Amino acid sequence: MQKSLANNSLGKKLIAPIAILLALGMPLYVRGAEYPLMLACIIQLYVVAVSGLDILFGYCGQISLGHAAFYAIGAYGSAILHNNFGLPILFTMFVAATLAALVGAVLAIPASKLVFHFLSLATVAFGEIVYQFIVHSPGGITKDFNGIFSARLSIFGFEFSTYRLWYYFGLACVIVFLTAKYFLVHSKTGRAFTAIRENSHAANGMGINVRKYKVMAFATSAFYTAFAGAMYIHLVGYVHPDTFLRKQSVLFLTMLLFGGTGSLTGPILGVISVELLIESLRVLQDYQGFVYGILLLIVIVALPGGLFGGFKNVWNLLAGRLGKRRGGAGAC
Amino acid sequence: MLTTDKVTVKFGGLTAVNQVSVHVEAHRITGLIGPNGAGKTTFFNCISGVYRPNSGSVIFEGNHIEGKKPYQVNRAGISRTYQIINLFKKMNVLENVLVGMHPRLKSGYLSDMFRTPSQRREEKAAYERAYEWLKFVDLQDHALDPAGSLSYGKQRLLEIARSLASTPKLILLDEPAAGMNSKEKEELDELLKRILELGVTVLMVEHDMKLVMGICHYLNVLSEGKLLAKGTPSEIQNNPDVIQAYLGGE
Ligand SMILES: Nc1ncnc2c1ncn2[C@@H]1O[C@H](COP(=O)(O)OP(=O)(O)O)[C@@H](O)[C@H]1O
Ligand SMILES: [Mg+2]
């Protein structure tokens with residue numbers, strides 16, 4: 001009985017996300033399907049990034065319009081550590097993500113006092129600062145406007161030289177990060193995040209150090225998104241600073257809201273649908289901001305809870321009908 | 001157990017709490033009554049750390065707690081419920097109680113993220129204890145319902161369970177019977193006695209005079225921010241100032 005109360009059997013909750021991601025790997029079995037395979041890899045790293053944003057926004061209720069900055073710190077940090085100091089790539093990815101988590105924590109200490117609107121402004125400003133730092137870096141360490149090259153992923157001398165190989169690495173990352181997210185949100189720490197989102201006054205009254213937990217949410221979120229940035233540079237081999245404009249932060253938030261906040265599956269659905277949509281609308285590239293705007297409007301007006309919320313409602317409706325037919329046993 | 005000394009809280013020009021000194025005896029139910037706007041909730045907010053008093057002190061078990069943050073006051077052993085219900089509405093009933101247990105759980109960020117064996121054991125025990133708290137207030141049948149879906153009276157009970165879950169020494173109840181029907185009020189009366197049996201001291205704001213006079217050992221009366229009277233229920237009932245304040249105030 002306790003188990004059903006806790007509702008935290010990991011297997012059940014992870015089935016849907018993993019199934020979706022395995023389905024994404026279909027191009028693996030098609031010869032010469034390089035482009036869809038690359039897209040699948042990009043989707044995987046975006047899933048890590050957006051799941052991180054979900055911890056902050058979906059669970060803890062804190063907005064960020066500056067997550068591209070963490071993405072950048074991950075990408076540049078890992079590239080620079082690898083290029084300039086010859087450190088092994090997986091290690092540099094972790095160091096860069098840890099650095100981003102520290103930056104996130106430092107940002108959150110003052111920012112945790114701000115309410116929603118002011119927090120969005122502060123995070124926008126943070127994104128701008130990091131962008132300016134990249135394009136006017138001390139000693140040109142980021143190669144400024146030229147962008148930076150780095151090596152493709154290799155671990156212990158094994159080179160992930162094709163998208164096919166990288167796909168398995170991406171899948172492993174997604175599983176590790178989603179499992180950690182699942183553990184975290186179903187724990188004392190995750191309950192504190194959610195309590196802050198629901199009612200920060202009451203959370204404080206219940207003995208939760210609200211500021212400390214907001215800082216933890218920011219740092220965790222920054223780690224995820226920065227790690228995704230590091231995945232990106234060692235997938236593509238190159239990044240340009242314009243990858244980290246505010247547009248990218250808005251993209252993360254659009255994916256999250258469109259897929260649905262506060263779950264494992266929502267961010268995955270959001271990343272896949274928005275990414276595929278953008279790819280199929282390549283001709284409209286100059287109007288990406290416009291597309292994001294429309295997607296956000298759809299979510300806000302017609303689909304609160306995002307795609308995942310919509311699916312769940314339909315599912316509950318169907319299950320409810322079936323349950324009633326069977327005599328209402330479906331309620332439990 | 002708790003003593004306030006000349007506590008004053010001002011909102012701009014308005015003195016909501018004016019030089020209030022009260023004493024709460026351990027293992028008793030102490031009442032705080034007074035007309036609407038008398039400053040009772042503000043006084044609670046002062047004890048629980050929501051407001052820092054403009055002057056005066058709050059002493060709990062020999063330590064000054066005025067000016068401490070709400071979460072620090074909670075850790076010191078004072079927990080509370082709210083007049084305006086303040087539940088975590090989208091979390092289920094059981095999770096609300098688990099949040100109440102927060103300061104008593106030892107696991108930390110990393111052990112939560114990696115779900116270490118000791119974290120797992122603690123969580124399992126926590127779920128069982130949370131369920132016991134729900135039984136204590138008779139909400140066990142609603143364990144998995146969203147807190148926001150409960151009836152008004154049941155939400156009040158959940159507020160009590162949530163604050164008991166931190167195993168406080170003193171619990172502050174702000175109008176626990178508001179919105180309850182007469183049957184629920186009788187159950188509340190009985191629940192208050194069981195809370196006392198747990199060894200928890202109670203300080204309660206309540207308008208229902210039948211409940212207050214029947215269960216409180218000692219009463220303090222606030223009016224327009226000032227302490228008007230204090231004494232046993234029978235002393236208060238016969239106090240002409242109190243009668244005047246209640247009749248003249250409304
Ligand atoms: N945050 C606040 N800002 C300004 N005035 C307040 C605030 N909180 C309460 N008051 C005022 O203080 C007085 C006491 O209010 P309150 O403590 O809620 O009374 P009670 O709980 O006894 O009904 C009222 O006049 C109320 O309007
Ligand atoms: Mg009040």
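The values are calculated or read from the model by the stated rules, or taken from the named source; none is laboratory data. Everything numeric here is computed off the predicted structure, so don't read it as measured data. Here the Cβ positions follow ideal geometry from the backbone for every residue, glycine too, while neighbour counts run over all protein chains shown. Note: areas computed on protein heavy atoms with side chains; ligands, DNA, RNA excluded. Shrake-Rupley method; radii C 1.70, N 1.55, O 1.52, S 1.80 Å.
Odds and ends about this structure:
- Database remark: amide H of B:MET204 closer than 5 angstrom to the amide H of B:THR30, B:GLY31, B:LEU32, B:LEU173 (H placed geometrically; neighbours at sequence offset of 5 or more, or on other chains; Pro and chain starts carry no H).
- For A:GLN62, the residues whose modelled amide H falls within less than 5 Å of its own, excluding neighbours fewer than 5 places apart on the same chain, are A:PHE57.
- C-alpha center-to-center spacing [the stretch A:291-324, the stretch A:209-245] in angstrom: 28 Å
- For the pair B and A, total buried accessible area rounded to nearest 100 Å², probe 1.4 Å: 3100 Å²
- Counting, for every residue in B:96-109, the Cβ atoms of other protein chains within 10 Å of its Cβ and taking the mean gives 5.
- Here the stretch B:88-166 is treated as a Stokes sphere of Kirkwood radius computed over C-alpha pairs; at 20 °C and 1.002 mPa s its diffusion coefficient rounds to 168 µm²/s.
- Cα-based helix-to-principal-axis angle, B:182-197 vs chain B, degrees rounded to 10: 80 degrees
- Of all DSSP beta bridges in the protein assembly as shown, antiparallel share, percent nearest 5: 60 percent
- Couplings 3J(HN,Hα) of the stretch B:9-16, computed from phi: 10, 10, 10, x, x, 8, 9, 6 Hz, in residue order, whole Hz [Karplus 6.51 cos²θ - 1.76 cosθ + 1.60, θ = phi - 60°; x for Gly and Pro].
- Trypsin sites (Lys or Arg not before Pro), loop per DSSP, at most 10 other Cβ atoms within 10 Å - longest free stretch of chain A: A:32-325
- Under-5 Å amide H pairs with B:GLY77, H placed in peptide plane, nonlocal only: none
- Candidate lysines for bridging to A:LYS13, where Cα separation is under 24 Å - those fewer than 8 sequence places away on the same chain excluded: A:LYS3, A:LYS181, A:LYS188, A:LYS312, B:LYS89, B:LYS90, B:LYS124
- Partners for B:LYS226 among aspartates and glutamates (Cα-Cα distance below 20 Å; same-chain residues under 8 apart left out): B:ASP5, B:GLU66, B:ASP174, B:GLU175, B:GLU206, B:GLU235, B:ASP241, B:GLU250
- Rounded to the nearest whole Hz, the Karplus-based 3J(HN,Hα) values (6.51 cos²θ - 1.76 cosθ + 1.60, θ = phi - 60°) of the stretch A:65-78 follow the sequence 10, x, 5, 4, 5, 5, 4, 5, 4, x, 5, 5, x, 5, with x at glycine and proline.
- In chain B, helical runs assigned H by DSSP with n ≥ 4 each contribute -39500 (n - 2.57); averaged across all residues and rounded to the nearest 500, the mean residue ellipticity at 222 nm is -11500 deg cm²/dmol.
- Cα-based shape type of the stretch B:158-236, given that a ≥ b ≥ c are square roots of the gyration tensor eigenvalues and the cut on a/c is 1.5: prolate
- Residues in the stretch B:90-106 carry Karplus couplings, in order, of 8, 7, 7, 4, 5, 5, 4, 5, 4, 4, x, 7, 2, x, 9, 8, 9 Hz; the curve used is 6.51 cos²θ - 1.76 cosθ + 1.60 with θ = phi - 60°, and Gly or Pro positions show x.
- Carbon + sulfur, % of accessible area of the stretch B:88-166 - ligands and nucleic acids excluded, 1.4 Å: 54 percent
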